[in-house]
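This report concerns only the one structure given below.
Since every read-out is calculated from the coordinates, none of them should be taken as a lab result. Nothing here was measured: the structure is a model prediction, and the numbers come from that model. For neighbour counting, all protein chains shown are included, and Cβ atoms are generated from backbone atoms with ideal geometry for every residue, glycine included.
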Amino acid sequence: MKLQEQFQIFRQKKKALLAANYYNLETCKGIILAANELKQPVILQLTKSSIDYIGLNTAVCIGKTISEEFGVNVWLHLDHCDEIGLVKKCLDAGFDSVMIDASDKPFDENIKITKEVVELAKKYGANVEAELGSVPKLGKELESDKFTKPEEAKAFVDETGVDALAIAIGSKHGFYKGEPKLDLDRLKDIRQLTDVNLVLHGGSGIPASTLKHAIELGIVKVNIATEIKDTFTKSLKNILTETEEIDLRKTFPEAIALVKKLVIEKLKIISI
Ligand SMILES: [Zn+2]
């Protein structure tokens, strides 16, 4: 099934797909084991940095092979890409979905670049996500004047024909200082004006009740990255300081198990 079709099914059920970033074989396995345990589909995401680190074909192979091995329904998605060249390489390598992020460009330029990617992706039947407004990147703070304007969202979607739209409603990448507050009225307005699949970036650290509320109001994809990195790295650090064990086949599985536990918790909030 195409990702675009799965979005429609989840929208009717008022559920969202979890889009989890992986960084290596171990984090990918943790995500897939969780999806397998709950019998849920999941989006596996890679950023340009992860592709540079793992290698494009190896990264695709890891994601597709592990999910096949465990019988999990996955879609491979390119997260935050600002180069059309890489979008094309990823589509050629078998990605099901791509994000073109021209959110730092002026409105008209964002439309132009997104339109180009929508046109390109048509040949592959791939899903295209764009961003309008600005969800702060790692280390940056929220600026409410960069939140997505509902009328602009409508114009952007009408003009580009994009499948999914990441919107800025108070979430940010990385950890939050204090409890995050989402502008749910803005989300409601955007949902009323457009029929596009709405995406929430910066899902790490957003309380379960807020996530559920946002999903009820129209979010259909929730991205989680920071908590996966954090869980894997911190647990591995703890394990390694407690033991002299050098066999990584004995130390890594505990860290994988904690990623699995985290993703199970997220899936229960978002998809079930
Ligand atoms: Zn993001």
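Here are the numbers for the structure shown:
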item	result
Count - residues of region 151-177 that are away from the ligand (no atom under 16 Å from the Cβ) and surrounded by fewer than 19 Cβ atoms within 10 Å (Cβ to Cβ)	8
Cross-chain or 6+ apart pairs with Cβ under 7 Å, region 209-224 first and in a strand (DSSP E or B), then of a type in the set (D, E, K, R)	VAL220/ARG11; ILE224/LYS266
Boolean, LYS146 is within 16 Å of the ligand (Cβ to nearest atom) and free of Cβ contacts under 8 Å to residues at least 24 places away in the same chain	yes
Neighbours by Cβ (under 9 Å, 6+ apart or cross-chain): first from region 60-74, within 17 Å of LEU91 (Cα to Cα); second charged (D, E, K, R) and in a helix (DSSP H, G or I)	ILE62/LYS29; VAL74/LYS64; VAL74/GLU68
Subset of region 187-203 (residues that are within 16 Å of the ligand (Cβ to nearest atom) and either assigned to a loop (DSSP other than H, G, I, E, B) or hydroxyl-bearing (Ser, Thr, Tyr) (or both))	HIS201, GLY202, GLY203
Extreme residue, nearest to GLN6 (Cα to Cα), among residues of region 83-110 that are surrounded by fewer than 20 Cβ atoms within 10 Å (Cβ to Cβ) and among the hydrophobic types (A, V, I, L, M, F, W, C)	ALA93
Number of positions in region 63-82 that are surrounded by fewer than 20 Cβ atoms within 10 Å (Cβ to Cβ) and either closer than 14 Å to LEU46 by Cα or within 16 Å of the ligand (Cβ to nearest atom) (or both)	2
Contacts under 6 angstrom Cβ, first residue in region 85-113 being under 17 Å from LYS146 (Cβ atoms), partner aliphatic (A, V, I, L, M), 6 or more apart	ALA102/ILE113; ASN110/ALA102
Check on ILE100, more than 16 Å from the ligand (Cβ to nearest atom) and β-branched (Val, Ile, Thr)	no
Region 103-136, residues that are within 19 Å of ASN223 (Cα to Cα) and either in contact with an Asp or Glu (Cβ under 9 Å, 6 or more places away or on another chain) or more than 16 Å from the ligand (Cβ to nearest atom) (or both)	SER103, ALA126, ASN127, VAL128, GLU129, ALA130, GLU131, LEU132, GLY133, SER134, PRO136
Counted residues, region 25-61 - those being in a loop (DSSP other than H, G, I, E, B) and either more than 18 Å from the chain's Cα centre (by Cα) or farther than 22 Å from VAL199 by Cβ (or both)	2
